[in-house]
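Written below as structure tokens is the structure these notes are about.
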Amino acid sequence: MLQVYFKATSPNFDQLFCLQEKLGDICISLRYVPTAGKLTVNIMEAKNLKKMDVGGLSDPYVKIVLQQNGKRIKKKKTTVKKNTLNPYFNESFSFEVPFEQIQKVQVVITVYDYDKLGSNDPIGKTFMGYGATGVGLRHWSDMLANPRRPVAQWHTLMPEEEVDAALKAKPR
Ligand SMILES: [Ca+2]
């Protein structure tokens, strides 16, 4: 009843609805070896992804961007998993990040729906590292506190615009 009331009266209804929309969750493992300056990101699996295709499910793949000061340093991609909302990837990607840089970088994860025709649509996004809050901050801290050990964590996907805004915001 409350939502009906909102819909009828509030111009912000679309925004409210958007914030509540479930995009899915992704399980990521992070491992950092300080002596080697090696960061390994394992995209393990995702669940309850949003259905993007009319007459189908979604064809998810994951893009991993390592960035610093808003600049992309490296970009990697998983394979595409066809017609599923609960893809299993278990794909590992390594990045060279010297110890002096590890506190300054961000790992930005975007899940896309692959489409044979037209552009691939982002399903949702999340990031870890510099300027992150909540789970993104905690996961990064856990990784740094456990050098050489992989630390796995589930992340809730957020709308792309929201994550982009958080990436641009100046950290405290
Ligand atoms: Ca698709």
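Given the residues TRP154, TRP140, which is the only one that is touching a residue at least 60 places away in the same chain (Cβ under 8 Å) and in a strand (DSSP E or B)?
Details: TRP140 fails: in a strand (DSSP E or B).
None of the others qualify; the one that does is TRP154.
Which residue, of VAL41, VAL62, is in a strand (DSSP E or B), in contact with a Phe, Trp or Tyr (Cβ under 8 Å, 6 or more places away or on another chain), of a type in the set (Val, Ile, Thr) and farther than 15 Å from PRO122 by Cα? Show your work before the answer.
Details: VAL62 fails: farther than 15 Å from PRO122 by Cα.
Every option except VAL41 fails the conditions.
Any residue in region 47-62 that is within 8 Å of the ligand (Cβ to nearest atom) sitting within a Cβ distance under 6 Å of a residue that is not in a loop (DSSP other than H, G, I, E, B)? List the pairs, counting only those 6 or more apart or interchain.
Listed pairs, sorted by first residue: MET52/ASP113; MET52/ASP121; SER58/ASP113; ASP59/ASP113.
Got at least one residue in region 47-58 being under 26 Å from LYS22 (Cβ atoms), at pLDDT 95 or above and of a type in the set (Asp, Glu)?
Checking region 47-58: not a single residue is under 26 Å from LYS22 (Cβ atoms), at pLDDT 95 or above and of a type in the set (Asp, Glu).
Kindly provide the set of residues from region 94-123 that are in contact with a Gly (Cβ under 8 Å, 6 or more places away or on another chain), more than 16 Å from the ligand (Cβ to nearest atom) and assigned to a strand (DSSP E or B), ordered by number.
GLU96, GLN106, VAL107
Would you say VAL80 is within 16 Å of the ligand (Cβ to nearest atom), modelled with pLDDT of 90 or more and not in a strand (DSSP E or B)?
Working: within 16 Å of the ligand (Cβ to nearest atom): yes; modelled with pLDDT of 90 or more: yes; not in a strand (DSSP E or B): yes.
When the stated conditions are applied, VAL80 passes them.
The values are calculated or read from the model by the stated rules, or taken from the named source; none is laboratory data. Remember, it's a predicted structure, so these values are computed and weren't measured experimentally. Positions of Cβ are backbone-derived with ideal geometry, glycine not excepted, and every protein chain shown enters the neighbour counts.
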